[in-house]
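To keep things clear, I will list the structure first and then write my remarks on it.
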Amino acid sequence: MTANTRVSLKLFGIAATAAAGAAFFLYTLKANGAPVAASSALKNPQTGGLKLQSASSLSFGPGGLLLVAESGSASVVAIETGDIGPLVKLKQRVDNVSGLIANGLGTTAENLTINDMAVNPDSGRIYISASRKPDNATSVITVDAEGKARQLDLTNLPWARITLPGGTNSKVTRITDVAFAGDRVLAAGSCNEEFASKIFSLPVPLEHGGTASIYSAETYHVAHRKWETKAPISSFIPYEENGQSYVVGAFACTPIAKFPLNDLKPGSQVKGVSVMELGSGNRPLDLFSYNKGGKRWLVTHTQRFHKPLFGPSNLWAARVDMAYLSKSEPTATNENATRRDTKQKAGPDGVEIVDSLFGAVQVDKLSDEEAIVLRETAAGLALEVAALP
Amino acid sequence: MLLRWLLCLSGLLFVQGCSPSPQEPQFDLRATADHFEARAANPAARRLLAAPNSNPADTFQVFIQGATTPLFGTYATRADSIIFQPAAPPVPGMSYRLQAGSSSHQHHIPAQQATAPPRVIGWMPRVSIVPANHLKFYLQFDQPMTQGDVWSHLQLHCETDGQQVLGAFREVELWDPTGTILTLWLHPGRQKTGVNLNQDEGPVLHAGKRYTLRVLGTWTATSGTALGQPWHLPFTVGPADHQQPAPEKWKLNISAENQLTIQFDEPLDFSPATPNTTERLWLETPTGQRLPTPLQATTTGATAQLDPTTAKTAPVLKVSPDIEDLAGNSISRPFERQME
């Protein structure tokens, strides 16, 4: 402090001190358990009266449990849709879905924003969150196998809302992704006053009015060889390996990293291990995994800032052999993480562009053979089934 | 006759002009501020509603003008009527076509009187010079704004070069719960030294150059009224800042009127959402009890009005270590940290 300030401090008895320790609240998590049916996934559920303030991200748990990231309230809303199958996939391509949904919401396609899309793995039904301009009215729309779109009727559905820690004080203002992970629901969020990577864990059953544990994550950033404490996770999937639970996340500068969730101690940070660098100038939109050919694949769906490479659109996807995620040795992680060959369509071994996903505005897994794609076309957005390689 | 029926079906003629047979279900159709209603107008319509397998969505549909897909919504069937609640509220200024059985009705909702255009009433940081590795702006409007494509209404211009800076923002919309305060990140991948985007594209800002953040007049509030007039925030860029804020260099003073003023050692990052900060700056008694006295923080400093008793009891200013400067350097750690 300056001399004058010292005088002031002495005179008025005020001292400036930095409070010790970061204000993070962490709790040890249990290992993942068996999947939980939707009927037991909610605790003290509400029925009726649900009005979604927003729906920035959608995903499904078992038994038709729909998870909605309600960024406006920094909350996760879980809804028992009762949509439990049987599985019937979209029978044929649906053209101009944007116009169809816009008309259903009382507007035109140019005044519609598609926020996210998720496929219910039990039924194959497609769920789309959409907002209308100028009033930001938000709805969840379903599209069935016949291509028929309708509003998800929330009138009689059980639901629970869990506000993330600090959410009502606007610390977390956008939930970038949410996913069911056995005995917990995980969410990743961005703060409006802090460029930080936060992972939230919500215990299952999800209790209406309950809360979540919060983790602060740091990742080794492959591109500039520094520990990246700040970059928010854009998209993630839960992942288990040898009894360990992980979050596998994608970041704006496109490293793929995994974060171990077992054995966390209160007050600690989650340190991620970077296993893959996909190349610069891309923004991850979605992640999902599938099994094929005796391998488990991670699909990263991405928007490229620049002109398209190796395909017709700057919306593209790559698949990565998830064996790369098992690597933990220093010679294969962080500064030595595998880098995608950005000059080629494929390479190194187990890393390749997925041709069927070019132009996908939204994509989600339907099965180990196919994905549902909301694709850009000259006549608006089309909804269709795409084969996975 | 064919043309007449086509007009009836398209809703261009009113019910009485279509001359349906008495055996066809007829409804009186009306709209309220938040829902639409079809009331049975003849025995055939009442029989239709009472039929055990009657689906109200097949009987009663509402369309916006020119649409072939009906509005989404939920139905409630009563003894002699169907209530349709649209998924999104009806919009003033729009025309709707109500269709039930052989009845059709065109309904226009009068446009609202023009509301006052939205205005930018606050912003951060409140300085004319920002560091070259500056990270974010906050924009505060006087009413909720339309979300979803804010990037088409925001531009960063380099006045020194006379051109727009493309790819300047991290295109993730971060709104406060009221929908009036937007956090606007300059792309961290470009602003952070050595990140691949920084190397490939270069930084967003360059020291020594002048810039203007522009909010275009096309952006509307949720009322539908546009700004009309663009809003500009000019600023100059100084050298990059890699130093952490140092509270020990802050200057504190209490006036004769018991006004506490704190002058930061460098501009700090506070949002208009939380000028009344309690989580990052607060006062305690010498024995560690938190005082309710609020601190009003802005970019360059903070103030608090102390009561005379508090002023005499030697309060302690507590500072959270996660307070950051404009370049993201916090009290606890610099924004860019070498690998450990």
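Quick one: pull the percent of accessible area on segment B:123-238 belonging to carbon and sulfur, 1.4 Å probe, ligands and nucleic acids left out. Of all accessible area on segment B:123-238, carbon and sulfur atoms account for 49 percent. Rounded to the nearest 20 debye, the dipole size of chain B about its Cα centre is 720 debye, using +1 on the Cβ of Lys and Arg and -1 on the Cβ of Asp and Glu.
Measure out, as a whole number of angstrom, how far apart the alpha-carbon centroids of segment B:120-183 and segment B:305-326 sit. Value for the Cα centre distance between the two parts: 30 Å.
Calculated on C-alpha atoms, the gyration radius of segment B:139-229 divided by its Kirkwood radius gives an Rg/Rh of 1.01.
Comparing each chain alone with all protein chains together (probe 1.4 Å, DNA, RNA and ligands left out), the residues of segment A:134-156 losing at least 40 Å² of accessible area are A:134, A:136, A:151.
Between A and B, roughly 6000 Å² of accessible area is buried in total, ligands, DNA and RNA not counted and the probe set to 1.4 Å. Amide H contacts under 5 Å for residue A:115: A:129, A:130, A:131, restricted to partners 5 or more places along the chain or on a different chain, H placed in the peptide plane at 1.01 Å from N.
Considering chain B, its Cα convex hull presents a mean projected area of 28.4 nm². Rounded to the nearest Hz, the phi-derived 3J(HN,Hα) couplings of segment B:299-312 under the Karplus curve 6.51 cos²θ - 1.76 cosθ + 1.60 (θ = phi - 60°) are 4, 9, x, 9, 9, 8, 9, 8, 7, x, 5, 4, 4, 8, where x marks glycine and proline. Along segment B:249-265 the Karplus relation, 6.51 cos²θ - 1.76 cosθ + 1.60 evaluated at θ = phi - 60°, assigns HN-Hα couplings of 9, 5, 9, 10, 8, 10, 7, 4, 8, 6, 8, 7, 10, 10, 10, 5, 6 Hz to successive residues, with x for each Gly and Pro. Once you divide the Cα radius of gyration of segment B:247-319 by 2.2 N^0.38 Å, the number left is 1.04. List the pairs from A:271/B:251; A:89/A:292; B:251/B:318 whose alpha-carbon separation is above 26 Å, in the order I gave them. Over 26 Å apart, Cα to Cα: A:271/B:251. Given B:74, B:49, B:93, which one lies farthest toward the positive end of the charge dipole of segment B:20-138, if we put +1 on the Cβ of every Lys and Arg and -1 on the Cβ of every Asp and Glu? With unit charges placed on the Cβ atoms, the residue in question is B:93. Shown for segment B:153-176: residues covered by the partner protein chains by 10 Å² or more of accessible area relative to the chain by itself (probe radius 1.4 Å), namely B:170, B:171, B:172, B:173, B:174, B:175, B:176. For segment B:247-319, the per residue solvent-accessible surface stands at 45 Å², with DNA, RNA and ligands left out and a 1.4 Å probe. The mean sequence distance of close C-alpha pairs (under 8 Å, at least 6 residues apart), as a share of the length of chain B, puts its relative contact order at 13 percent. Phi-derived couplings, Karplus 6.51 cos²θ - 1.76 cosθ + 1.60 at θ = phi - 60°, listed residue by residue for segment A:363-378: 8, 8, 6, 9, 7, 6, 9, 9, 10, 9, 10, 9, 10, 5, 9, 5 Hz, with x used for Gly and Pro. Charge tally around residue A:108: other residues with Cβ under 13 Å, Lys/Arg +1 each, Asp/Glu -1 each, net +1.
The values are calculated or read from the model by the stated rules, or taken from the named source; none is laboratory data. If you're wondering where the values come from, they're calculated on a predicted model, not measured in any experiment. Backbone-built Cβ (ideal geometry, glycine too); neighbour counts: all protein chains shown. Just so you know, the surface numbers come from the protein's heavy atoms only, side chains and all, with ligands and any DNA or RNA stripped out. Shrake-Rupley method; radii C 1.70, N 1.55, O 1.52, S 1.80 Å.
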